[in-house]
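A.B. asks: Pasting in a structure now, in structure tokens, and then I'll have a few things to ask.
The values are calculated or read from the model by the stated rules, or taken from the named source; none is laboratory data. Quick caveat: nothing in here was measured; it's all calculated off a predicted structure. Methodologically, a virtual Cβ is constructed for each residue, glycine included, from the backbone with ideal geometry; neighbour enumeration extends over all protein chains shown. What goes into the accessible areas is simple: the full protein's heavy atoms, side chains included, and nothing from ligands, DNA or RNA. Shrake-Rupley method; radii C 1.70, N 1.55, O 1.52, S 1.80 Å.
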Amino acid sequence: MIHDWLAIIEEWLMEYGLIGLWIVSFTDSSFSPIIPEVLFLPMAFADPDRVWLYALHTTASSVLGALLGWYIGKKLGRPVLMRFIKADNIKKVEYYFERYGAMAILIAALTPVPYKVFTIFSGISNIKIRTLVIWSIIGRGGRFFLEAALIATLGVKAKPFIEENLGVLTLGIGAAIILIFILYHVISRRKTANKR
């Protein structure tokens, strides 16, 4: 039933083209279960000459939606998360924020995890807006422009590749970012320890 309801909304938003893409991308970053790819990918495949423009609009609206998510977290806090998100997922987000700090925003923005949870939690955690915006631009832009690059390079052959591999690819990139982050901190600590 929920799937049918979401399909109707997706179809309706598709009729509005770029405006629908803005709505989906904005709300995905703050409260909606509909991900931007639902409109971004069909629009990009239908008009591959505008794929870069669509990636730019998807990124911009997603980053603006992240600001709404931050505001929701800042003003409404943990109770709003508890109403819509399972306690286990909240604990995972807390773990990522404790372990990786603002880097968690980048990882969530890039990978297929629910980004809205991280934007709301960034408000709860008092992450600076500038930090949220920078990491959101890098992560969301990386994700949507990667999809655009695949479409521009592979054309219609990109569709099955994206459907089958994009989640694994972005998770791999996220894991590489975490590894680089950890290595950086280990090396920094060793340098500091050696100076003493």
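A.B. asks: Whether any residue in region 84-95 is open to solvent by less than 60 Å² (accessible area, probe 1.4 Å), more than 15 Å from the chain's Cα centre (by Cα) and within 30 Å of residue 183 (Cα to Cα) is what I want to check.
C.D. replies: Yes, because at least one residue in region 84-95 is open to solvent by less than 60 Å² (accessible area, probe 1.4 Å), more than 15 Å from the chain's Cα centre (by Cα) and within 30 Å of residue 183 (Cα to Cα).
A.B. asks: So which residues in region 11-60 are small (Gly, Ala, Ser) and surrounded by fewer than 20 Cβ atoms within 10 Å (Cβ to Cβ), if there are any at all?
C.D. replies: 17, 20, 32, 46, 60
A.B. asks: Return the residue satisfying two criteria in turn: it lies in region 161-175 and is of a type outside the set (D, E, K, R) and open to solvent by 60 Å² or more (accessible area, probe 1.4 Å), and of such residues it is farthest from residue 108 (Cα to Cα).
C.D. replies: If we take residues in region 161-175 being of a type outside the set (D, E, K, R) and open to solvent by 60 Å² or more (accessible area, probe 1.4 Å), then 161 is farthest from residue 108 (Cα to Cα).
A.B. asks: Tell me the residue from 170, 119 that is touching a residue at least 12 places away in the same chain (Cβ under 8 Å), farther than 18 Å from residue 71 by Cβ and in contact with a helix residue (DSSP H, G or I) (Cβ under 6 Å, 6 or more places away or on another chain), please.
C.D. replies: The match here is 170.
A.B. asks: Okay, next question. Tell me the residue from 181, 144, 97, 161 that is over 20 Å from residue 65 (Cα atoms) and in contact with a Phe, Trp or Tyr (Cβ under 9 Å, 6 or more places away or on another chain), please.
C.D. replies: 181
A.B. asks: Continuing with this model, one more query. Going residue by residue through region 134-152, is there one that turns out to be over 13 Å from the mean Cα position of the chain (by Cα) and open to solvent by 70 Å² or more (accessible area, probe 1.4 Å)?
C.D. replies: No - not one qualifying residue is present in region 134-152.
A.B. asks: I would also like to ask the following. Out of all the residues in region 97-110, which are surrounded by fewer than 21 Cβ atoms within 10 Å (Cβ to Cβ), more than 17 Å from residue 72 (Cβ to Cβ) and in contact with a helix residue (DSSP H, G or I) (Cβ under 7 Å, 6 or more places away or on another chain)?
C.D. replies: Selection gives 100, 102, 103.
A.B. asks: If we only count helices (runs of 4 or more DSSP H) wholly inside region 31-110, which ones have 2 or more residues that are touching a residue at least 40 places away in the same chain (Cβ under 8 Å)?
C.D. replies: Filter on region 31-110 gives 37-46, 51-76, 78-84, 103-110.
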